[in-house]
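Structure first, commentary second.
We did not get these values from a lab; they are worked out from the coordinates using the rules stated. Because the structure is a prediction, the values reported are computed rather than measured. In this analysis, Cβ positions are derived from the backbone assuming ideal geometry, glycine residues included, and neighbour counts consider all displayed protein chains.
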Amino acid sequence: MRGEDPKNEGLAPDVEGVELNEKQKKALGYLKRQGEIANRDNRELFGVVRDTAHRDLIDLLDKGLVEKRGVGRGTWYALTADEKSDE
């Protein structure tokens with residue numbers, strides 16, 4: 001997580017028309033600041049197990065808010081071009 005304190009992670013602005021849980025909002029905020037997030041970052045940020053972190057990231061992917069990059073252990077997620085332009 002590049003030395004950031006997860007307690008200081010802010011929420012991303014509401015994404016219009018998309019239902020997100022608090023972890024997903026914080027993950028989007030992290031993405032807006034850091035530019036990328038991996039499953040490991042998500043686990044450390046929220047203290048959840050791998051499957052829970054993965055489910056949240058895949059849900060963001062399915063909702064078109066992030067795009068997946070890399071494969072296997074090297075997989076990471078970035079904001080879609082639409083989300084980047086909303087900054």
### Query
Restricting attention to segment 68-87, which residues are under 12 Å from the mean Cα position of the chain (by Cα) and surrounded by fewer than 15 Cβ atoms within 10 Å (Cβ to Cβ)?
K68
### Task
Would you check if K26 is of a type outside the set (A, V, I, L, M, F, W, C), surrounded by 14 or more Cβ atoms within 10 Å (Cβ to Cβ), in a helix (DSSP H, G or I) and free of Cβ contacts under 8 Å to residues at least 24 places away in the same chain?
yes
### Message
Against the definition (at negative phi, in contact (Cβ under 8 Å) with a residue 12 or more places away in the chain, loosely packed, with under 15 Cβ neighbours inside 10 Å and among the aliphatic types (A, V, I, L, M)), how does L61 come out, yes or no?
### Response
yes
### Summary
If we keep only residues of segment 33-55 that are polar (S, T, N, Q) and free of Cβ contacts under 8 Å to residues at least 24 places away in the same chain, then the residue nearest to V71 (Cα to Cα) is N42
